[in-house]
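Report on one structure; see the data block that follows.
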Amino acid sequence: MSRIIGIDGGGVLHRAIFAYMANPQCPPTYTYLNMVTGYLNKLEVTFDDRIIIAQDYGRSWRKGVDHNYKAQRKEAREQKKSPEWWKEQYGKFDFLFEQLDKALHFYFIKIWGTEADDILSVITRYYHKDEVIIISSDRDLEQLAIFPNTKIWSPISKKFKVIKAPMEVLMEKIKGDISDNLLDKPSSEAEFEIRKRIVDLTQLPDFIENPIKEQLSNLLPKNLNISKIPFRSIQEKFKKIYHV
């Protein structure tokens, strides 16, 4: 059975940027690559493993269901740094991903209006015959452990999470989640259904699910070209991971 490794790209990206705030001498793109190679090394990946970097792209479809969804996050970021500063950092990563898409046999998936969580959610079902490993510290994704082929690996503990009751994670989210700015507990059946639609990752609306499945179905084989990877020390890490 093949392994599909889905990485929460937004989570890694923001961890790298916040590390850059604390240590401006180290480029955030280097930190990003250093973290990713560390994860892959721990999981002892091989060239046969399919690695998918799931990325956020554009305004989330969930904001159209509830305008309060994650409404506080942009303001919280801009209390730390200016909008121009953030735009510059995101630009660095746009360029990095263009480089990596040509250098690595990884797949960088983003679809307008979707979040990385949506892509990781669909991966668990699309590759239902394979072992799926999701790399993320986001507790929301623990819901996906309900699928028997899916494991969640924490980049913080560097271990697989033990998730005994994945549906309890979903029910807690429905009741409210400060991190997503969903503050009030639903007070009616209609509000309950709206909240469930926003936070339930075990099933997604067709208009989100189907484009992701289509993109997954069109992934073509790619080659590994280590010489095109930025940073010589990162190139050496990839050589050790893939024994080349």
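Throughout, read-outs are computed from the coordinates displayed, never taken from laboratory work. Just so it is clear, the model here is predicted, and its values are computed rather than measured. When we count neighbours, we look across all protein chains shown, and the Cβ atoms used for this are built from the backbone with ideal geometry, even at glycine.
Observations on the model:
- Taking the DSSP bridge list for the chain and keeping only pairs wholly inside it, about 15 percent are antiparallel.
- The chain: calculated mean residue ellipticity at 222 nm from DSSP helix runs of at least 4, using -39500 (n - 2.57): -14500 deg cm²/dmol
- Working note: Cα gyration tensor of the range 142-220, eigenvalues times five, square-rooted, sorted largest first, giving semi-axes of 25, 20, 11 Å.
- Among MET167, MET35, the order by Cβ neighbours within 10 angstrom, fewest to most, reads MET167, MET35.
- Between PHE106, PHE231, PHE160, the Gaussian network model of the chain with springs among Cα atoms under 10 angstrom shows the greatest mean-square fluctuation at PHE231.
- Computed from Cα positions, the angle between helix 9-22 and the longest principal axis of the chain comes to roughly 70 degrees.
- Using alpha-carbon coordinates, inclination of helix 166-175 to the longest axis of the chain, degrees: 50
- Backbone phi angles across the range 35-40, fed through the Karplus curve with coefficients 6.51, -1.76 and 1.60 (θ = phi - 60°), yield HN-Hα couplings of 5, 4, 5, x, 5, 5 Hz in residue order; Gly and Pro are listed as x.
- The range 23-96: trypsin sites (Lys or Arg not before Pro) falling in loop per DSSP and having at most 14 other Cβ within 10 Å: ARG59, LYS81
- Note on the range 21-91: with charges restricted to the Cβ of Lys and Arg (+1) and Asp and Glu (-1), its dipole about the Cα centre is near 380 debye.
- Residue among LEU33, GLN55, PHE18 farthest towards the positive dipole end of the range 1-102, charges placed on Cβ: PHE18
- Using alpha-carbon coordinates, inclination of helix 232-242 to the longest axis of the chain, degrees: 80
- Relative to the Cα centre, the charge distribution of the chain, modelled as +1 at Lys and Arg Cβ and -1 at Asp and Glu Cβ, gives a dipole magnitude of about 860 debye.
- The range 99-244: equivalent-ellipsoid semi-axes (sqrt of 5 x gyration tensor eigenvalues, Cα, Å): 33, 18, 15
- Candidates SER188, SER233, SER154: whichever shows maximal mean-square fluctuation once the chain is modelled as a Gaussian network with Cα springs under 10 Å: SER188
- For the chain, modelled as a GNM whose springs connect Cα atoms under 10 angstrom apart, the maximal fluctuation among ASP56, ASP184, ASP200 occurs at ASP184.
- Neighbour-count order for THR46, THR29, THR114, THR202, fewest beta carbons within 10 angstrom listed first: THR46, THR202, THR29, THR114
- Using C-alpha pairs under 8 Å with a sequence gap of at least 6, the mean separation divided by the residue count of the range 144-244 gives a relative contact order of 14 percent.
- Entry for the range 1-155 at q = 0.11 Å⁻¹: log10 I(q)/I(0) = -0.46, Debye formula applied to identical alpha-carbon scatterers, no solvent contribution.
- Averaging the Cα positions of each part gives two centres, and for the range 128-158 and the range 1-74 these lie 14 Å apart.
- In the range 118-166, trypsin sites (Lys or Arg not before Pro) in a DSSP loop with at most 13 other beta-carbon atoms within 10 Å: LYS129, LYS158, LYS164
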